[in-house]
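Structure first, commentary second.
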Amino acid sequence: MKKMNNMIPLTIANTLDQSTKTRVEVAAHCTVKEAVRQHNPTALAKFDVYDGEGSVISDQQAADHRGATLYVGVEKVVGGGVPRRRLGELQIEYPSIQPVRQWTDRKQAKMFLVRFPSNGRTQSGFWEVVVHCPNAGSALMHAYVLNFGEITGHVGVSLFANPPSVAYANGAGKGFIPGSSTTRGRWVCHGNIMPHLQRLGSDPVVRVGAYINHIQNLLNQ
């Protein structure tokens, strides 16, 4: 009788350097973090392993991720938004950025409203965008265009009332801004942005700034 192959195929990518990816086979009982230690040593003293949605899967069994690509990155920091005392750092590049009250407390903001030029693609000349970043230092964030009714020109990125069922849309709102049942927005299809954010580390200001820049480029391309 032919012996069944119990080895689990995985692809390991280091978020700090994605120029190479390693295809490995590991025992089913291994955790994904053990698989990384065995086959793809990282220069990080402490690290976590993430799936394509940005969720930490370090202690999960390799058998649960057969055929998947795993991303090695900085150790996850306990979730949180952008410290309010650092809001000025974002305002250097985006002077209009303001925290959304519903998602803001005395210490941090987890949602922002920002305006930037639309290069003639909207009637007002600006995009009005909400960025939802409840775990800004470690997880995926999402952007929503509020003034989608003003669009007059070609937009080089897809905008969805109901985001598609893809990994990088995980956690996106369905037609409404998160936390609201009345404010509608169009989700910006940001693509597989998570590996890039992971390469930037865990500084929430750096990550949110880079994300807004990415959204601006997509909307105006």
Taking the options LEU197, LEU219, name whichever one is more than 16 Å from VAL114 (Cα to Cα), buried (at least 22 other Cβ atoms within 10 Å of the Cβ) and modelled with pLDDT of 90 or more.
LEU197
For the stretch 94-114, how many residues are assigned to a strand (DSSP E or B) and either in contact with a Pro (Cβ under 9 Å, 6 or more places away or on another chain) or in contact (Cβ under 8 Å) with a residue 60 or more places away in the chain (or both)?
6
Single residue of the stretch 139-156 satisfying the filter (part of a loop (DSSP other than H, G, I, E, B) and over 17 Å from the mean Cα position of the chain (by Cα)) that is nearest to GLY52 (Cα to Cα):
GLY156
So which residues in the stretch 62-81 are at pLDDT 85 or above, in contact with a Lys or Arg (Cβ under 8 Å, 6 or more places away or on another chain) and buried (at least 19 other Cβ atoms within 10 Å of the Cβ), if there are any at all?
GLY81
Reported set for the stretch 170-221 where residues are under 15 Å from the mean Cα position of the chain (by Cα), free of Cβ contacts under 8 Å to residues at least 40 places away in the same chain and either outside any loop (DSSP other than H, G, I, E, B) or outside the structural domain of LEU90 (by TED's automatic domain parsing) (or both) is HIS196, VAL206, ALA210, HIS214
Within the stretch 136-157, considering residues that are touching a helix residue (DSSP H, G or I) at 6+ places or on another chain (Cβ under 9 Å), modelled with pLDDT under 95 and over 17 Å from PHE112 (Cβ atoms), the one surrounded by the fewest Cβ atoms within 10 Å (Cβ to Cβ):
GLY156
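The values are calculated or read from the model by the stated rules, or taken from the named source; none is laboratory data. Note that this is a predicted model, so its numbers are computed, not measured. Heads up, the Cβs are rebuilt from the backbone with ideal geometry, glycines too, and the neighbour counts pull from every protein chain shown.
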